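**Q** Shown below is the structure under consideration.
The values are calculated or read from the model by the stated rules, or taken from the named source; none is laboratory data. Please read these numbers as outputs of a predicted model, since none were measured by experiment. Cβ placement follows ideal geometry from the backbone for every residue including glycine, while neighbour counts extend to all protein chains displayed. These accessible areas exclude ligands, DNA and RNA; they are computed on the full protein's heavy atoms, side chains included. Shrake-Rupley method; radii C 1.70, N 1.55, O 1.52, S 1.80 Å.
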Amino acid sequence: MHYGEDRVYKKIEVIGVSKKGIEEAIQAALSKAHNTLERVSWFEVEEIHGHIGDDGMVSEYQVILKVCFALK
């Protein structure tokens with residue numbers, strides 16, 4: 001695929017989750033999307049959420065992404 005060509009994308013929502021951090025949650029979502037979809041091209045971070053543990057610390061990061069892929 002060349003970027004000078006006309007093309008059409010589809011955008012879907014995925015949620016990445018990680019106990020390690022925001023970047024790891026994003027990468028988890030993108031890795032799964034890449035392994036599941038063809039021609040994944042770009043993403044947008046829509047929302048960031050987290051879960052707070054009993055100790056008052058962040059126990060889980062949740063990132064909602066829009067992932068875009070080129071249609072054939």
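**Q** Heavy atoms only, probe 1.4 Å: what % of the accessible area of the chain goes to carbon and sulfur, would you let me know?
**A** 51 percent
**Q** Filter the GluC sites (Glu not before Pro) in the chain to those in DSSP coil with at most 13 other Cβ atoms within 10 Å of their Cβ, and list the result.
**A** For GluC sites (Glu not before Pro) across the chain that sit outside H, G, I, E and B with at most 13 neighbouring Cβ atoms in 10 Å, the list reads 5, 38.
**Q** What do you get for the angle between helix 22-36 and the principal long axis of the chain? Use alpha-carbon atoms, 0 to 90 degrees, nearest ten.
**A** In the chain, helix 22-36 runs at an angle near 40 degrees to the longest axis.
**Q** To continue, here is another question. At a probe size of 1.4 Å, how large is the accessible area of residue 55, to the nearest 10 Å²?
**A** 120 Å²
**Q** What percent do you get for the relative contact order of the chain when only Cα pairs under 8 Å and 6+ apart count?
**A** RCO, the chain: 43 percent.
**Q** Oh, and also: Take the Cα coordinates of the range 22-72, assign each an equal point scatterer, and use the Debye formula without solvent to give log10 I(q)/I(0) at q = 0.13, 0.16, 0.27 Å⁻¹.
**A** At q = 0.13, 0.16, 0.27 Å⁻¹ the computed log10 ratios are -0.37, -0.51, -1.00.
**Q** Further question on the same structure: Out of the chain, which chymotrypsin sites (Phe, Trp or Tyr not before Pro) are coil in DSSP terms and have no more than 11 other C-beta atoms within 10 Å?
**A** 3
**Q** Shifting gears a bit: Which value, in Å² and to the nearest 10, is the accessible area of residue 66 when all protein chains are kept and the probe is 1.4 Å?
**A** 50 Å²
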